[in-house]
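The values are calculated or read from the model by the stated rules, or taken from the named source; none is laboratory data. Being a predicted model, the structure only gives us computed values, none of them experimental. A quick note on method: Cβ atoms are made from the backbone with ideal geometry, for glycine too, and the neighbour counts reach across all protein chains shown.
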């Protein structure tokens, strides 16, 4: 299992909010920063996107895609610094625009990708605040945007499932394109492409329950123990066992939130020989035992989303 897949397989869309909008200028839309990951794709016309400062807008043309990470509110409009309405008022104001003449209208897809758990948050944190991509006609992103637009224009059974899976594909393609730009790629992604480290990283993510040792991981990568440990530390900023423990704890937190497994089962899936060993490791890492952590998470209010 490659490292990106290990993150994505646990970060699938579920009930993502998505819509196809047609708006005659003047128009502007304000979207709240509570949205984990907003997605905008331009079908027709040009629009502008900005965060807090309208003096530094990003222009988007037909075929362009933008992903906006949660944080501050963000704005899209037919021109920079245009007045922007919240989603409900925007929809009411432009409800009749699709039935009017399409000449001069902006057509765009706008939505929210809902991720859950620490694995999903880890992916979001690896993205820049705004990721802008241009999809050429032969780019798979172009095809996915077209499929999303067609699906949203129809009303067929199972539409939400289709939208969720298309959003999954859209996110994978966008993240892959983003990380191929070295200035945006997180350390773990860059290291996974290094033939000296990639095999060991893939092995850890494929079988986190295995009682790995540094010599075993070094052998997977075809290096001596000392060389492997040194290269790993330089590339990822932490020792191999520290990286493995962090990943195991990330998986453990997601399992605890899901509430479907016992503590013993979670411990076994994350590489601990007994519930006691798992509880001790979790407590060292988080300051509280896993059962107490789970109870607190289940009784705390969830993250707000655009619903």
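When segment 170-201 is filtered for residues that are crowded, with 18+ Cβ neighbours inside 10 Å, assigned to a helix (DSSP H, G or I) and over 19 Å from the mean Cα position of the chain (by Cα), the ones remaining, listed by number, are 191, 200, 201. Against the list (1) touching a residue at least 40 places away in the same chain (Cβ under 8 Å); (2) within 18 Å of residue 19 (Cβ to Cβ), the condition residue 129 fails is (2).
Once segment 119-141 is narrowed to residues that are in a helix (DSSP H, G or I) and surrounded by fewer than 16 Cβ atoms within 10 Å (Cβ to Cβ), the residue that is modelled with the highest pLDDT is 140. Scanning segment 21-56 for residues that are crowded, with 16+ Cβ neighbours inside 10 Å, more than 20 Å from residue 114 (Cβ to Cβ) and either out of contact with any strand residue (DSSP E or B) (no Cβ under 9 Å at 6 or more places or on another chain) or modelled with pLDDT of 95 or more (or both) yields a count of 6. Contact map, segment 205-218: first residue touching a residue at least 40 places away in the same chain (Cβ under 8 Å), second residue part of a loop (DSSP other than H, G, I, E, B), Cβ cut-off under 7 Å, separation 6 or more or different chains; pairs are 205/1; 206/1; 208/270; 208/271; 209/270; 209/271; 210/271; 211/271. Pick from segment 63-72 the residues that are in a loop (DSSP other than H, G, I, E, B) and surrounded by 17 or more Cβ atoms within 10 Å (Cβ to Cβ): which of them is modelled with the lowest pLDDT? Checking each candidate, the answer is 70.
The lone criterion from (1) surrounded by fewer than 20 Cβ atoms within 10 Å (Cβ to Cβ); (2) touching a helix residue (DSSP H, G or I) at 6+ places or on another chain (Cβ under 6 Å); (3) not assigned by TED's automatic domain parsing to the domain that holds residue 125 left unmet by residue 204 is number (1). Being assigned to a helix (DSSP H, G or I) and within 26 Å of residue 8 (Cβ to Cβ) narrows it down to one of 297, 238, so name that one. Only one candidate qualifies: 297. Inside segment 259-282, residues that are surrounded by fewer than 16 Cβ atoms within 10 Å (Cβ to Cβ) and either more than 28 Å from the chain's Cα centre (by Cα) or closer than 23 Å to residue 206 by Cβ (or both) make up a count of 9.
Take residue 256 and decide whether it is in contact (Cβ under 8 Å) with a residue 24 or more places away in the chain, under 28 Å from residue 289 (Cβ atoms), outside the structural domain of residue 128 (by TED's automatic domain parsing) and buried (at least 20 other Cβ atoms within 10 Å of the Cβ). So residue 256 passes the test.
Taken over segment 98-118, residues that are within 25 Å of residue 50 (Cα to Cα) and either modelled with pLDDT of 85 or more or not in a loop (DSSP other than H, G, I, E, B) (or both) amount to 9.
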